[in-house]
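The block underneath contains the structure these notes are about, expressed in structure tokens.
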Amino acid sequence: MSDRIGVRLRLARRGMDGLTLLVLPAVLFILALFVYPFLYGLFLSFHPMKGGTFANYIRFFSDPFLYETIGTTLWLAVPVTILNVVLSIPVAMRVRLLRRQKLLTTILVVPITLGTVLVAEGLLNYLGPRGWFNRVLMAAGIIDHPLMLLHNYWGVFLSLVITGFPFTFLLTLSYVTGIDPSLEQAGAMLGARARARFRHILLPLLTPGLTITLALSFVQAFSVFPSAVLLGAPAGPTRVISIAAYQAAYEQYDYSMASAIAMIMAAVQVLIVVALLVAKGIAYRGPASGGKG
Amino acid sequence: MTIASRDFRELRLEEISRDFGVLIALSKISLTVQRGEFIALLGPSGCGKSTALNCLAGLLPLTGGAIWLDEKRIDTLGPEGRGFGMVFQNYALFPHMSVRRNIGFGLQMQKRPRAEIAKRVEEALALVRLTGQGDKLPGQISGGQQQRVAIARAIVVEPPLVLMDEPLSNLDAKLRLEMRSEIRRIHGLLGCSTIYVTHDQDEALSLADRIVVLRDGQVRQIGAPETLYMRPASADVAEFMGYRNIIAAQASGNAAGLSVALAGGSLLGTAVDGAAGPVTVAIRPEDLTPSPDGPIAAEVITAEYRGRDFYGVARADDGTELYFRAFERVGPGARLRLAAPAERVLIYRADARR
């Protein structure tokens, strides 16, 4: 009896009691849907259809048609992510002062809920040579020939901006509104104009949040697939890494190779996210309010 | 000490107004503040005192009137153009900057040489008695110290006017008293003008040279602390200044000697603006004390010990509840006779807006 109490007390002291059991469903969920498939994929990638353990990886990094997909994907994902974050800051700064914030945020959430395929279908009609966009510009006499915005880099770029921006914006908005407005007022009272207030007060306090936003937006953009196929040139300029994985799995039925590509994809994402988080570690971390509230 | 307020003669508010749509937060406030004066804006919450301060600071634009600093009209400038210091209720220290950088921020914005900034920040630290704390972040120091940093940050730019928005409301009682005398000391050293917003009449009385009582966005009275304490201009100002007994009564006699019938007794009083007829009577609890032949008979409901004396509530025979002070312990149910000196029974017109 005394032993049992001893164990319980010791566990309780480490913050574990009956309530701790409530994490079990979540742990099972993660194990079944994330850890197991990941480990299985990793295992699969080391058992190639032919060659030694690392044959898939060697093949990937020796075939330009495969390894260049990393560059292609980064060339899409990095500019899109940066553009989205940079755009979202001024918009968020303005929106936080609006009263009808809810309505606007609801409108912005719609593209997220629609999903990339629907947005891509919409853009196919809208941006096509006979689409509204080009017809309006031509009717207005701004251009003579339709702009080629589909089945190339820009089609995918635009679709990533449209589907990625709301997500980036909502994250940024929550970080911007988390900053105590009296800090900006204090800055103004001390003679700082808007630009200096942004640089010295808001930006340093936003940096940790913006880094997280960058990381999450990047991961989303890096795994681009539907719009690269539907709006891009999947054989050329927008042959992103997920297309390579898809082709390996469903055109060559080489699950092992597909798994290896997925692992490489994960490694690139992890590398960039870790780099961002390390950079964030250097920035100020702490509350974004100026004292007792 | 080289930190000193910039020279100016006076700050004039000319009928400044501010409304938020249909809500009128400030209505035609006029006030002239001399250099070196300490003004307290006093009023209950929602009276417009914080709005007034924000309008002065430039954080809220006016919807009417003008603000002048000597011959310069300043209400058209933004907060960054006015050069006033402000101490916020929550201090609003920049959490990512050290105490030193917080204090030096205003000088940095003025693009002063680095050596000068360092020197003046040290002086400001010494002035608020925080020497040696300069490298800490605001989150690493106590509330009282944060308060001192906020004051140092506001005064290091040598503003002609320092605005304080209930700066002591987040501190505990002991620290509040301590910071109160600190604020007065620093104000005296700098020679600046201070406008101090508070709802605490004790703070206003002890700090200010002049008190402006606001209610519903209007100035109800401007006066020295003694005047407001002893002779409020109207019954509602009296109520706010601690005259807890505000009683409707009938007055008889003439202005030389007015007596009021209240709570089943008859008291001699002093007319402020009341005359014979229906009046409002204001008496501070400390002036209403037990006396063997007092005119008002009452029964004690509660009494609490306050150290030197007792403060209590008693019910008069006609049901009126009276706040009184006693010098000896009185228990609930005890019967008393209460009296107040005639000069401390203030009589106001009954129709005064209440």
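Taken across segment B:165-173, residues that are at pLDDT 90 or above and more than 10 Å from chain A (Cβ to nearest Cβ) do not occur at all. Hey, any hits in segment B:87-97 for a residue that's away from chain A (no Cβ under 14 Å) and within 27 Å of B:Leu125 (Cα to Cα)? Taking every residue of segment B:87-97 in turn, none turns out to be away from chain A (no Cβ under 14 Å) and within 27 Å of B:Leu125 (Cα to Cα).
Residue by residue, here is whether (1) away from chain A (no Cβ under 14 Å); (2) on the phi < 0 side of the Ramachandran plot; (3) of a type in the set (Asp, Glu) holds:
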| residue | (1), (2), (3) |
| --- | --- |
| B:Leu26 | yes, yes, no |
| B:Gly36 | yes, no, no |
| B:Gly48 | yes, no, no |
| B:Ile67 | yes, yes, no |
| B:Gly83 | no, no, no |
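Those strands (runs of 3 or more DSSP E) of segment B:260-307 in which at least 3 residues are surrounded by fewer than 18 Cβ atoms within 10 Å (Cβ to Cβ), considering only elements entirely within it, cover B:265-271, B:296-305. The condition (being in contact (Cβ under 8 Å) with a residue 40 or more places away in the chain, assigned to a strand (DSSP E or B) and over 19 Å from the mean Cα position of the chain (by Cα)) is satisfied by just one residue among B:Ile16, B:Ile39, B:Ile29: B:Ile16. Residues that are buried (at least 22 other Cβ atoms within 10 Å of the Cβ), out of contact with any Lys or Arg (no Cβ under 8 Å at 6 or more places or on another chain), modelled with pLDDT of 90 or more and under 24 Å from B:Leu205 (Cβ atoms) occur in segment B:133-150; there is at least one.
The requirement of being in contact (Cβ under 8 Å) with a residue 24 or more places away in the chain and over 14 Å from the mean Cα position of the chain (by Cα) is fulfilled somewhere in segment A:207-222, by at least one residue. Being farther than 28 Å from B:Gly46 by Cα, more than 10 Å from chain A (Cβ to nearest Cβ) and in contact (Cβ under 8 Å) with a residue 12 or more places away in the chain is a description that applies to B:Glu158. Between B:Ala238, B:Ala152, B:Ala233, the distinction of being assigned to a helix (DSSP H, G or I), more than 14 Å from every other protein chain (Cβ to nearest Cβ) and either among the aromatic types (Phe, Trp, Tyr) or in contact (Cβ under 8 Å) with a residue 24 or more places away in the chain (or both) belongs to B:Ala238 only.
Residue check: is B:Ser252 surrounded by fewer than 19 Cβ atoms within 10 Å (Cβ to Cβ) and farther than 30 Å from B:Glu328 by Cβ? It is true that B:Ser252 is surrounded by fewer than 19 Cβ atoms within 10 Å (Cβ to Cβ) and farther than 30 Å from B:Glu328 by Cβ. Does segment B:221-235 hold any residues that are under 16 Å from B:Leu207 (Cβ atoms) and charged (D, E, K, R), and which are they? Correct list: B:Glu226 only.
When restricted to residues that are among the polar types (S, T, N, Q) and surrounded by 22 or more Cβ atoms within 10 Å (Cβ to Cβ), segment B:189-220 contains 3. Applying the set (1) outside any loop (DSSP other than H, G, I, E, B); (2) touching a residue at least 40 places away in the same chain (Cβ under 8 Å) to B:Ser169 leaves exactly one unmet item: (1). The criterion of at least 2 residues that are at pLDDT below 90 and surrounded by 14 or more Cβ atoms within 10 Å (Cβ to Cβ) is met, among helices (runs of 4 or more DSSP H) falling completely within segment A:12-129, by A:64-95, A:101-114, A:116-127. Return yes or no: is B:Leu125 of a type in the set (A, V, I, L, M, F, W, C), more than 29 Å from B:Asp70 (Cβ to Cβ) and buried (at least 23 other Cβ atoms within 10 Å of the Cβ)? Here the answer is no, as B:Leu125 does not meet what is asked. With respect to the stated conditions, B:Phe310 is surrounded by 15 or more Cβ atoms within 10 Å (Cβ to Cβ) and either more than 30 Å from B:Asp216 (Cβ to Cβ) or at pLDDT 85 or above (or both). If we scan segment B:110-125, do we find a residue that is of a type in the set (S, T, N, Q) and out of contact with any Gly (no Cβ under 9 Å at 6 or more places or on another chain)? No, there is no match, as no residue in segment B:110-125 is of a type in the set (S, T, N, Q) and out of contact with any Gly (no Cβ under 9 Å at 6 or more places or on another chain). Among the residues examined, B:Ser181 does not qualify as in contact (Cβ under 8 Å) with a residue 24 or more places away in the chain and of a type in the set (Ser, Thr, Tyr).
Counting only residues that are closer than 20 Å to A:Thr73 by Cα and in a helix (DSSP H, G or I), segment A:138-163 holds 11 of them.
Where helices (runs of 4 or more DSSP H) fall wholly inside segment A:164-278, the ranges with 3 or more residues that are of a type in the set (A, V, I, L, M, F, W, C) and more than 14 Å from chain B (Cβ to nearest Cβ) are A:203-222, A:226-230, A:241-250.
The values are calculated or read from the model by the stated rules, or taken from the named source; none is laboratory data. Note that the coordinates shown come from a computational prediction; the quantities given were computed from them, not determined experimentally. So basically every Cβ, Gly included, is an ideal-geometry build from the backbone, and we count neighbours across all protein chains shown.
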